[in-house]
Amino acid sequence: MRTRFTVGAIVGLLLVGCASSPAPSQSVALQKISVILDWSPNTNHSGLYLAQARGYYAAAGLDVTFIEPGDTSGLTLLGAGQADFALSVAESLLPARAQGVPVVSVAAIVQHNTSSLVSLTESRITRPKDLEGKIYGGYDGQLEKALISALVACDGGDPSKVTFGPLPSDDFRIGLTEGSYDAAWIFNAWDGIRLEQVDNLPVSTIDFLDHIDCIPDWYTPLIATTESAIASNPDRVSSFLQATAKGYADAMNDPKAAAAALMSAAPELDADLVTLSADYLSSRYAVTPAQWGAQQESVWNAFATFLIDNELLPEDFQIGAAWNGELL
């Protein structure tokens, strides 16, 4: 999921299937909605494509277009009024707001973080302290260093003994087997499944969620819109979110249908990976379908505090304005 197609901003429109639910009268013009994805199509997006395929957007009076990201951040384009919604992550949305981009998270796509550190089993990295003397391959991000350091220190290790190196390729299999690094940050629902169940690579993982006594949980990915959209047309925002929620509820109840909707939109994807990933996420989008999209104040506060403590956000940052849980 870290690999995206750089096809230029606002290109590559993706439309899915025919509506299976009743659409509004043909005499009623549908409201056009544009949604910028965070990466190339993957199973995090399944609920969106399923809502499109089953006509939930059309039934809500919406004509929704999905746009693949280009060189410009989706949040930047959203804040500039070039889209109605954007998929993003908390670690991007909060700094964007700190820089004055008026974007707001309105739904959590996955209830809890599904990130982990992956390594070859033969490296014997089974806990954060084992990263001492090893190479972490990453994007040289400040958040990466803060998280890895916190994990290692919390486990009784010395973060200064971890080497931070670059990722020579987004193909983690190549990097791991060629020894470019010992461990890397992946998303379990995509690259974790690809490495372990599709490529059959003997790997071990350290799940972030198993260490929330050391690092915070946070929302990745999420759906964002703008302050002005919420203020000027909350019903339109709510209609989109409610139709999307129906799509994700269906994805939870019927992961095969979710996989089929995604494959229809992006047939170039690996069908086995999509099927396995859709099944994995079906129980992780939320505890129950009715709870999809929910956001918790405690989760936002803990993550923002971590960023502030590591000088990644200003101390006077107003976290409460960064998210809105009322529009579902």
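Taken together, the values in this text are just the output of simple stated rules run on the coordinates, not laboratory data. Just so it is clear, the model here is predicted, and its values are computed rather than measured. Because the Cβ atoms are built from the backbone with ideal geometry, glycine has one as well, and the counts that use them run over all protein chains shown.
Structure values in brief
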item	result
Efficiency of FRET from Cβ geometry, Val198 and Arg284, R₀ 25 Å, rounded to 0.05	0.85
Rg(Cα)/(2.2 N^0.38 Å) for the stretch 177-245, N = residue count	1.71
Under-5 Å amide H pairs with Arg54, H placed in peptide plane, nonlocal only	Ser20
Simple label model, 7 Å out from Cα along Cβ direction - Asp171 to Glu315, nm	4.9 nm
Hydrodynamic radius (Kirkwood) for the stretch 260-327, which is based on Cα pairs only, to one decimal in Å	15.2 Å
Residues with amide H under 5 Å from that of Val64, placed H, sequence gap 5 or more	Ile33
Set of lysines with alpha-carbon distance to Lys145 below 29 Å, sequence-local pairs under 8 removed	Lys129, Lys134, Lys161
Radius of gyration, Dmax [the stretch 56-119; alpha carbons; angstrom]	14.2, 47
In order through the stretch 267-284: 3J(HN,Hα) via Karplus (6.51 cos²θ - 1.76 cosθ + 1.60), integer Hz, x for Gly, Pro	x, 6, 6, 6, 4, 5, 4, 4, 5, 5, 5, 4, 5, 4, 6, 4, 9, 10
Mean shadow area of the stretch 119-257, taken as a quarter of the surface of its Cα convex hull (nm²)	11.0 nm²
Integer Hz, Karplus 6.51/-1.76/1.60 couplings in order for the stretch 323-328, x for Gly and Pro	9, 9, x, 9, 8, 7
The stretch 178-328: translational diffusion in µm²/s, Stokes-Einstein, Kirkwood Rh over Cα pairs, 37 °C, 0.692 mPa s	181 µm²/s
Calculated on alpha-carbon atoms, Rg and Dmax of the stretch 236-286 in Å	11.7, 36
At 1.567 mPa s and 4 °C, Stokes D of the stretch 24-178 from Kirkwood alpha-carbon radius, µm² per second	69 µm²/s
FRET E, pair Gln296, Asp235, Förster distance 22 Å, beta-carbon r, rounded to 0.05	0.35
Calculated percent of Cα pairs over 30 Å apart (choose from (i) 43; (ii) 34; (iii) 48), label	(ii)
Pairwise FRET efficiency - Lys32 versus Asp210, Cβ, R0 = 35 Å, nearest 0.05	0.25
Residue-by-residue Karplus 3J(HN,Hα) for the stretch 171-178, coefficients 6.51, -1.76, 1.60, Hz, glycine and proline x	8, 5, 4, 5, x, 6, 6, 8
Sorted peptide list for 260-271, 111-122, criterion being average Cβ within 10 angstrom, highest first	111-122, 260-271
Stretchable slack from Asp272 to Thr121, in nm (0.36 nm times residue separation minus alpha-carbon distance)	52.0 nm
Relative contact order of the chain, defined on C-alpha pairs under 8 angstrom at six or more residues apart (%)	26 percent
Within the chain, longest stretch free of exposed chymotrypsin sites (Phe, Trp or Tyr not before Pro) [DSSP loop, at most 16 other beta carbons within 10 Å]	140-328
